[in-house]
1. Can you give the Kirkwood hydrodynamic radius for the range 248-293, in Å, rounded to one decimal and based on Cα pairs?
2. Compute the distance in nm between two label points, each set 7 Å from the Cα along the Cα-to-Cβ direction, one at residue 308 and one at residue 330.
3. Calculate how large, on average over all directions, the projected area of the Cα convex hull of the range 286-332 is; give the answer in nm² to one decimal.
4. Exactly which chymotrypsin sites (Phe, Trp or Tyr not before Pro) in the range 242-324 are in a DSSP loop and have at most 16 other Cβ atoms within 10 Å?
5. Given the pairs 136/272; 136/253; 245/352, which are separated by over 30 angstrom at their Cα positions?
6. Suppose each label sits 7 Å from its Cα in the direction of the beta carbon; what would the residue 18-residue 347 distance come out to in nanometres?
7. If all Cα-Cα distances of the range 295-370 are sorted into 10 Å bins from 0 onward, what percent lands in each bin, rounded to whole numbers?
8. Send over a whole-number figure in Å² for the accessible area per residue of the range 227-370, probe 1.4 Å.
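The values are calculated or read from the model by the stated rules, or taken from the named source; none is laboratory data. Computed from a prediction, not measured in an experiment: that's the story for all the values here. Heads up, the Cβs are rebuilt from the backbone with ideal geometry, glycines too, and the neighbour counts pull from every protein chain shown. Note: accessible area is taken over every heavy atom of the protein model, side chains too, but ligands, DNA and RNA are not part of it. Shrake-Rupley method; radii C 1.70, N 1.55, O 1.52, S 1.80 Å.
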Amino acid sequence: MQEQVSDILRFVFLGNTVQQYLIFVGIMLSGFLFKTVVSRLLSTILFRGIIKRINQDVTKEEFKRLLVTPLEVLTFLVFLYIAFDRLNYPPELGLPGKEELGLKRILRRIYSIFLICSLTWVILRLVDFIGMMFSKRAARTLSKLDDQLVPFFVDFSKVIIVIIGFFVILGTVFKVNVAGLVAGLGVGGLAIAFAAKESLENLLASFTIFLDHPFVVGDLVQVGEITGTIEKIGFRSTRIRTLEKSYVTLPNKSMIDKPLDNLTLRTFRRVKFDLTLTYSTTSEQLKAIVADIQHLIDAYPRTNQDGRVRFFNLGPHSKDIMVLYFIDTLDYDQYIDVKEEINYQIVEIVEKHGAEFAFPTQTVYMKQEA
(Lines give C-alpha, C1' and ligand atoms only; values in the text may rest on other atoms or scores of the structure.)
Protein backbone atom coordinates (compact mmCIF):
# COMPACT_ATOMS: atom_id res chain seq x y z
CA MET A 1 0.00 0.00 0.00
CA GLN A 2 2.82 2.33 0.89
CA GLU A 3 4.56 1.54 -2.38
CA GLN A 4 1.37 2.26 -4.34
CA VAL A 5 1.01 5.64 -2.64
CA SER A 6 4.68 6.39 -3.33
CA ASP A 7 4.23 5.44 -6.97
CA ILE A 8 1.22 7.71 -7.24
CA LEU A 9 3.10 10.59 -5.62
CA ARG A 10 6.04 10.08 -8.00
CA PHE A 11 3.81 10.00 -11.07
CA VAL A 12 4.90 12.76 -13.46
CA PHE A 13 2.38 14.90 -15.30
CA LEU A 14 3.38 17.97 -17.34
CA GLY A 15 6.86 17.99 -15.86
CA ASN A 16 5.73 17.79 -12.21
CA THR A 17 5.02 14.93 -9.86
CA VAL A 18 1.72 14.44 -8.09
CA GLN A 19 3.51 15.28 -4.85
CA GLN A 20 4.49 18.70 -6.26
CA TYR A 21 0.90 19.33 -7.27
CA LEU A 22 -0.30 18.38 -3.79
CA ILE A 23 2.27 20.73 -2.24
CA PHE A 24 1.04 23.45 -4.61
CA VAL A 25 -2.59 22.88 -3.56
CA GLY A 26 -1.59 22.78 0.12
CA ILE A 27 0.28 26.09 -0.14
CA MET A 28 -2.69 27.70 -1.93
CA LEU A 29 -5.13 26.44 0.74
CA SER A 30 -2.80 27.65 3.48
CA GLY A 31 -2.59 31.01 1.78
CA PHE A 32 -6.38 31.22 1.55
CA LEU A 33 -6.78 30.33 5.23
CA PHE A 34 -4.03 32.74 6.22
CA LYS A 35 -5.63 35.44 4.09
CA THR A 36 -9.09 35.09 5.61
CA VAL A 37 -8.30 34.10 9.19
CA VAL A 38 -4.76 34.95 10.18
CA SER A 39 -4.79 38.43 8.63
CA ARG A 40 -7.89 39.32 10.63
CA LEU A 41 -6.34 37.81 13.74
CA LEU A 42 -3.15 39.74 13.09
CA SER A 43 -5.10 42.98 12.65
CA THR A 44 -6.91 42.32 15.95
CA ILE A 45 -3.60 41.74 17.74
CA LEU A 46 -2.13 44.91 16.22
CA PHE A 47 -5.21 46.91 17.19
CA ARG A 48 -5.30 45.72 20.79
CA GLY A 49 -1.55 45.73 21.33
CA ILE A 50 -0.51 48.95 19.58
CA ILE A 51 -3.26 51.08 18.08
CA LYS A 52 -5.61 51.08 21.08
CA ARG A 53 -2.79 52.25 23.34
CA ILE A 54 -1.81 55.06 20.96
CA ASN A 55 -5.27 56.40 20.17
CA GLN A 56 -8.56 55.64 21.92
CA ASP A 57 -10.72 57.35 19.26
CA VAL A 58 -10.17 54.79 16.49
CA THR A 59 -12.55 51.83 16.52
CA LYS A 60 -11.67 48.27 15.61
CA GLU A 61 -14.05 48.35 12.64
CA GLU A 62 -12.32 51.41 11.18
CA PHE A 63 -8.92 49.77 11.58
CA LYS A 64 -10.09 46.58 9.85
CA ARG A 65 -11.85 48.47 7.07
CA LEU A 66 -8.65 50.30 6.19
CA LEU A 67 -6.02 47.57 6.56
CA VAL A 68 -7.55 44.08 6.34
CA THR A 69 -8.32 44.09 2.60
CA PRO A 70 -4.87 45.26 1.38
CA LEU A 71 -3.17 42.89 3.84
CA GLU A 72 -5.24 39.99 2.48
CA VAL A 73 -4.24 40.83 -1.11
CA LEU A 74 -0.55 41.14 -0.20
CA THR A 75 -0.64 37.87 1.75
CA PHE A 76 -2.33 36.01 -1.10
CA LEU A 77 0.25 37.27 -3.62
CA VAL A 78 3.11 36.04 -1.41
CA PHE A 79 1.59 32.56 -1.09
CA LEU A 80 0.81 32.55 -4.82
CA TYR A 81 4.49 33.10 -5.61
CA ILE A 82 5.59 30.39 -3.15
CA ALA A 83 3.08 27.92 -4.60
CA PHE A 84 4.01 28.45 -8.26
CA ASP A 85 7.70 28.43 -7.39
CA ARG A 86 7.30 24.76 -6.35
CA LEU A 87 6.27 23.78 -9.89
CA ASN A 88 8.48 23.12 -12.87
CA TYR A 89 7.53 24.50 -16.26
CA PRO A 90 7.45 21.57 -18.70
CA PRO A 91 9.91 21.94 -21.58
CA GLU A 92 7.23 20.54 -23.92
CA LEU A 93 5.44 23.90 -23.76
CA GLY A 94 8.47 25.61 -25.27
CA LEU A 95 8.56 28.44 -22.71
CA PRO A 96 11.74 30.56 -22.79
CA GLY A 97 14.02 30.78 -19.78
CA LYS A 98 13.93 33.42 -17.10
CA GLU A 99 16.37 35.71 -18.92
CA GLU A 100 14.67 35.36 -22.30
CA LEU A 101 11.73 37.48 -23.35
CA GLY A 102 8.67 35.26 -23.34
CA LEU A 103 5.51 34.28 -21.50
CA LYS A 104 7.35 33.16 -18.38
CA ARG A 105 9.26 36.43 -18.07
CA ILE A 106 6.16 38.50 -18.77
CA LEU A 107 4.21 36.64 -16.06
CA ARG A 108 7.01 37.23 -13.55
CA ARG A 109 6.99 40.94 -14.35
CA ILE A 110 3.22 41.15 -14.06
CA TYR A 111 3.42 39.41 -10.70
CA SER A 112 6.12 41.86 -9.53
CA ILE A 113 3.93 44.80 -10.57
CA PHE A 114 0.97 43.42 -8.62
CA LEU A 115 3.17 42.76 -5.59
CA ILE A 116 4.58 46.31 -5.55
CA CYS A 117 1.11 47.79 -6.12
CA SER A 118 -0.36 45.80 -3.24
CA LEU A 119 2.49 46.86 -0.95
CA THR A 120 1.93 50.48 -2.00
CA TRP A 121 -1.77 50.00 -1.29
CA VAL A 122 -0.99 48.85 2.26
CA ILE A 123 1.22 51.90 2.84
CA LEU A 124 -1.48 54.22 1.47
CA ARG A 125 -4.04 52.68 3.82
CA LEU A 126 -1.60 53.18 6.71
CA VAL A 127 -1.34 56.85 5.76
CA ASP A 128 -5.16 57.06 5.71
CA PHE A 129 -5.29 55.44 9.11
CA ILE A 130 -2.70 57.82 10.59
CA GLY A 131 -4.55 60.75 9.02
CA MET A 132 -7.80 59.55 10.57
CA MET A 133 -6.19 59.41 14.02
CA PHE A 134 -4.82 62.94 13.72
CA SER A 135 -8.13 64.22 12.30
CA LYS A 136 -10.00 62.97 15.36
CA ARG A 137 -7.45 64.63 17.62
CA ALA A 138 -7.69 67.87 15.63
CA ALA A 139 -11.50 67.83 15.93
CA ARG A 140 -11.15 68.19 19.72
CA THR A 141 -9.09 71.40 19.47
CA LEU A 142 -10.53 74.90 19.14
CA SER A 143 -8.26 75.85 16.25
CA LYS A 144 -9.46 75.07 12.73
CA LEU A 145 -5.96 75.22 11.24
CA ASP A 146 -5.07 71.64 12.21
CA ASP A 147 -8.40 70.45 10.74
CA GLN A 148 -7.30 71.59 7.29
CA LEU A 149 -3.59 70.74 7.63
CA VAL A 150 -4.21 67.05 8.30
CA PRO A 151 -6.10 66.31 5.02
CA PHE A 152 -3.57 68.37 3.08
CA PHE A 153 -0.54 66.46 4.34
CA VAL A 154 -2.37 63.13 3.98
CA ASP A 155 -3.06 63.83 0.29
CA PHE A 156 0.47 65.16 -0.23
CA SER A 157 2.02 62.05 1.39
CA LYS A 158 -0.12 59.74 -0.74
CA VAL A 159 1.03 61.47 -3.93
CA ILE A 160 4.69 61.07 -2.89
CA ILE A 161 4.14 57.37 -2.06
CA VAL A 162 2.49 56.71 -5.44
CA ILE A 163 5.39 58.43 -7.25
CA ILE A 164 7.94 56.36 -5.28
CA GLY A 165 6.00 53.17 -6.06
CA PHE A 166 6.00 54.08 -9.77
CA PHE A 167 9.78 54.57 -9.78
CA VAL A 168 10.26 51.30 -7.88
CA ILE A 169 8.28 49.48 -10.60
CA LEU A 170 10.42 51.11 -13.29
CA GLY A 171 13.66 50.22 -11.51
CA THR A 172 12.95 46.68 -10.30
CA VAL A 173 10.58 45.33 -12.95
CA PHE A 174 11.64 47.10 -16.14
CA LYS A 175 15.31 47.63 -15.11
CA VAL A 176 15.17 51.34 -15.87
CA ASN A 177 17.98 53.54 -14.58
CA VAL A 178 15.86 55.68 -12.27
CA ALA A 179 18.73 58.03 -11.37
CA GLY A 180 19.41 58.70 -15.04
CA LEU A 181 15.71 59.13 -15.69
CA VAL A 182 15.36 61.69 -12.89
CA ALA A 183 18.44 63.53 -14.18
CA GLY A 184 17.00 63.48 -17.68
CA LEU A 185 13.81 65.07 -16.44
CA GLY A 186 15.77 68.28 -16.00
CA VAL A 187 16.04 68.56 -19.77
CA GLY A 188 12.34 68.13 -20.34
CA GLY A 189 11.37 69.88 -17.11
CA LEU A 190 10.17 72.95 -18.98
CA ALA A 191 7.77 70.93 -21.11
CA ILE A 192 6.51 69.00 -18.09
CA ALA A 193 6.03 72.20 -16.09
CA PHE A 194 4.09 73.73 -18.98
CA ALA A 195 1.90 70.62 -19.28
CA ALA A 196 1.27 70.62 -15.51
CA LYS A 197 0.80 74.38 -15.33
CA GLU A 198 -2.71 74.20 -13.86
CA SER A 199 -1.73 71.62 -11.23
CA LEU A 200 1.32 73.64 -10.17
CA GLU A 201 -0.77 76.81 -9.90
CA ASN A 202 -3.30 75.03 -7.70
CA LEU A 203 -0.51 73.56 -5.55
CA LEU A 204 1.06 77.00 -5.03
CA ALA A 205 -2.39 78.43 -4.30
CA SER A 206 -2.89 75.81 -1.57
CA PHE A 207 0.31 76.99 0.15
CA THR A 208 -0.96 80.57 -0.14
CA ILE A 209 -4.20 79.55 1.58
CA PHE A 210 -2.31 77.89 4.43
CA LEU A 211 0.03 80.86 4.90
CA ASP A 212 -2.48 83.74 4.59
CA HIS A 213 -5.45 81.99 6.25
CA PRO A 214 -8.21 83.74 4.27
CA PHE A 215 -10.50 80.98 5.51
CA VAL A 216 -10.39 77.73 7.47
CA VAL A 217 -12.47 74.57 7.55
CA GLY A 218 -15.98 75.36 8.78
CA ASP A 219 -16.08 78.99 7.54
CA LEU A 220 -19.04 80.25 5.53
CA VAL A 221 -17.63 81.91 2.40
CA GLN A 222 -18.87 83.41 -0.84
CA VAL A 223 -16.72 82.91 -3.95
CA GLY A 224 -18.26 84.48 -7.02
CA GLU A 225 -21.82 83.17 -7.14
CA ILE A 226 -21.10 80.20 -4.83
CA THR A 227 -21.90 80.46 -1.13
CA GLY A 228 -21.26 77.62 1.28
CA THR A 229 -19.27 76.11 4.13
CA ILE A 230 -15.66 74.99 3.67
CA GLU A 231 -15.47 71.23 4.30
CA LYS A 232 -12.01 70.30 3.02
CA ILE A 233 -8.91 72.09 1.73
CA GLY A 234 -6.76 69.79 -0.40
CA PHE A 235 -3.46 70.40 -2.14
CA ARG A 236 -5.27 70.97 -5.44
CA SER A 237 -8.89 71.88 -4.70
CA THR A 238 -11.26 73.08 -2.00
CA ARG A 239 -14.62 71.45 -1.34
CA ILE A 240 -17.61 73.58 -0.35
CA ARG A 241 -21.02 72.49 0.97
CA THR A 242 -23.45 75.04 -0.46
CA LEU A 243 -26.60 76.35 1.19
CA GLU A 244 -28.56 74.03 -1.11
CA LYS A 245 -26.55 71.12 0.43
CA SER A 246 -24.79 70.38 -2.86
CA TYR A 247 -21.06 69.60 -2.92
CA VAL A 248 -18.93 71.95 -5.02
CA THR A 249 -15.22 71.42 -5.74
CA LEU A 250 -13.27 74.53 -6.71
CA PRO A 251 -9.60 74.68 -7.77
CA ASN A 252 -7.47 76.44 -5.18
CA LYS A 253 -6.40 78.94 -7.84
CA SER A 254 -10.02 80.12 -8.11
CA MET A 255 -10.22 80.51 -4.33
CA ILE A 256 -7.44 83.12 -4.31
CA ASP A 257 -7.98 84.73 -7.72
CA LYS A 258 -11.66 85.57 -7.29
CA PRO A 259 -13.00 88.01 -4.69
CA LEU A 260 -13.71 85.95 -1.57
CA ASP A 261 -16.07 87.09 1.17
CA ASN A 262 -15.57 85.24 4.45
CA LEU A 263 -19.05 85.56 5.91
CA THR A 264 -18.02 83.85 9.15
CA LEU A 265 -15.74 86.77 10.08
CA ARG A 266 -18.65 89.20 10.09
CA THR A 267 -19.60 90.58 13.49
CA PHE A 268 -23.18 91.27 12.37
CA ARG A 269 -25.57 90.21 9.66
CA ARG A 270 -26.86 93.07 7.51
CA VAL A 271 -30.53 93.54 6.63
CA LYS A 272 -31.57 96.09 4.01
CA PHE A 273 -34.85 96.50 2.15
CA ASP A 274 -37.27 99.20 0.95
CA LEU A 275 -40.67 99.72 2.53
CA THR A 276 -43.01 100.87 -0.24
CA LEU A 277 -46.10 102.89 0.76
CA THR A 278 -48.85 104.25 -1.46
CA TYR A 279 -48.86 107.86 -2.64
CA SER A 280 -51.92 108.50 -0.52
CA THR A 281 -49.69 108.33 2.58
CA THR A 282 -49.36 111.80 4.10
CA SER A 283 -46.17 113.49 5.29
CA GLU A 284 -47.30 113.20 8.92
CA GLN A 285 -47.85 109.47 8.49
CA LEU A 286 -44.44 109.05 6.85
CA LYS A 287 -42.66 110.93 9.65
CA ALA A 288 -44.43 108.92 12.34
CA ILE A 289 -43.74 105.58 10.60
CA VAL A 290 -40.06 106.43 10.11
CA ALA A 291 -39.68 107.53 13.74
CA ASP A 292 -41.42 104.42 15.14
CA ILE A 293 -39.42 101.99 12.99
CA GLN A 294 -36.17 103.77 13.92
CA HIS A 295 -37.08 103.46 17.60
CA LEU A 296 -37.93 99.77 17.07
CA ILE A 297 -34.52 99.07 15.43
CA ASP A 298 -32.58 100.98 18.10
CA ALA A 299 -34.43 99.41 21.04
CA TYR A 300 -34.38 95.82 19.78
CA PRO A 301 -31.91 93.76 21.89
CA ARG A 302 -30.35 91.85 18.95
CA THR A 303 -29.50 94.93 16.80
CA ASN A 304 -26.76 97.53 17.14
CA GLN A 305 -27.02 101.34 16.94
CA ASP A 306 -26.03 101.55 13.26
CA GLY A 307 -29.57 101.05 11.99
CA ARG A 308 -30.96 103.69 9.63
CA VAL A 309 -34.58 104.30 8.63
CA ARG A 310 -35.10 107.10 6.09
CA PHE A 311 -37.73 108.35 3.67
CA PHE A 312 -35.46 107.56 0.78
CA ASN A 313 -37.16 107.73 -2.59
CA LEU A 314 -40.21 108.72 -4.59
CA GLY A 315 -40.77 105.75 -6.83
CA PRO A 316 -42.96 105.46 -9.91
CA HIS A 317 -45.80 103.96 -7.89
CA SER A 318 -44.80 104.32 -4.21
CA LYS A 319 -43.13 106.37 -1.51
CA ASP A 320 -40.09 104.34 -0.42
CA ILE A 321 -38.66 104.08 3.09
CA MET A 322 -35.19 102.53 3.37
CA VAL A 323 -34.79 100.15 6.34
CA LEU A 324 -31.19 99.20 7.23
CA TYR A 325 -30.04 97.44 10.40
CA PHE A 326 -27.58 94.80 11.65
CA ILE A 327 -28.33 91.66 13.68
CA ASP A 328 -25.65 90.49 16.13
CA THR A 329 -25.68 86.80 15.24
CA LEU A 330 -23.83 84.60 12.77
CA ASP A 331 -26.30 81.73 13.05
CA TYR A 332 -28.59 81.67 10.03
CA ASP A 333 -31.61 80.29 11.92
CA GLN A 334 -31.39 83.02 14.57
CA TYR A 335 -30.93 85.59 11.80
CA ILE A 336 -34.18 84.72 10.02
CA ASP A 337 -36.07 84.46 13.33
CA VAL A 338 -35.02 87.99 14.37
CA LYS A 339 -35.75 89.35 10.91
CA GLU A 340 -39.23 87.78 10.97
CA GLU A 341 -40.05 89.27 14.36
CA ILE A 342 -38.95 92.77 13.29
CA ASN A 343 -40.95 92.48 10.06
CA TYR A 344 -44.11 91.66 12.02
CA GLN A 345 -43.62 94.75 14.17
CA ILE A 346 -42.98 96.95 11.11
CA VAL A 347 -46.25 95.77 9.57
CA GLU A 348 -48.06 96.61 12.84
CA ILE A 349 -46.52 100.13 12.83
CA VAL A 350 -47.66 100.77 9.25
CA GLU A 351 -51.17 99.50 10.03
CA LYS A 352 -51.31 101.57 13.25
CA HIS A 353 -50.73 104.79 11.33
CA GLY A 354 -53.36 103.97 8.71
CA ALA A 355 -50.95 103.65 5.79
CA GLU A 356 -51.01 101.01 3.05
CA PHE A 357 -48.31 99.10 1.25
CA ALA A 358 -47.93 99.92 -2.43
CA PHE A 359 -47.73 97.56 -5.34
CA PRO A 360 -47.11 98.23 -9.04
CA THR A 361 -50.16 100.10 -10.34
CA GLN A 362 -51.02 102.24 -13.33
CA THR A 363 -53.73 104.87 -13.59
CA VAL A 364 -55.27 105.54 -17.01
CA TYR A 365 -57.23 108.76 -17.65
CA MET A 366 -59.73 108.59 -20.49
CA LYS A 367 -60.37 111.90 -22.23
CA GLN A 368 -63.89 112.22 -23.58
CA GLU A 369 -64.29 114.51 -26.55
CA ALA A 370 -67.33 116.79 -26.84
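1. Numbers: mean 1/r = 0.0654 Å⁻¹.
Kirkwood radius, the range 248-293: 15.3 Å.
2. 2.6
3. Working: hull surface 16.2 nm².
Orientation-averaged projected area of the Cα hull: 4.0 nm².
4. Details: sites: 247, 268, 273, 279, 311, 312; in loops: 268, 279.
Counting only loop positions with at most 16 other Cβ atoms within 10 Å, the chymotrypsin sites (Phe, Trp or Tyr not before Pro) in the range 242-324 are 268, 279.
5. Details: 136/272 41 Å; 136/253 28 Å; 245/352 41 Å.
Among 136/272; 136/253; 245/352, the Cα-Cα distance tops 30 Å for 136/272; 245/352.
6. The two pseudo-label positions are separated by 9.4 nm.
7. 15, 38, 26, 11, 6, 4, 1
8. Working: 9190 Å² over 144 residues.
So the range 227-370 comes to 64 Å² accessible per residue, rounded to a whole number.
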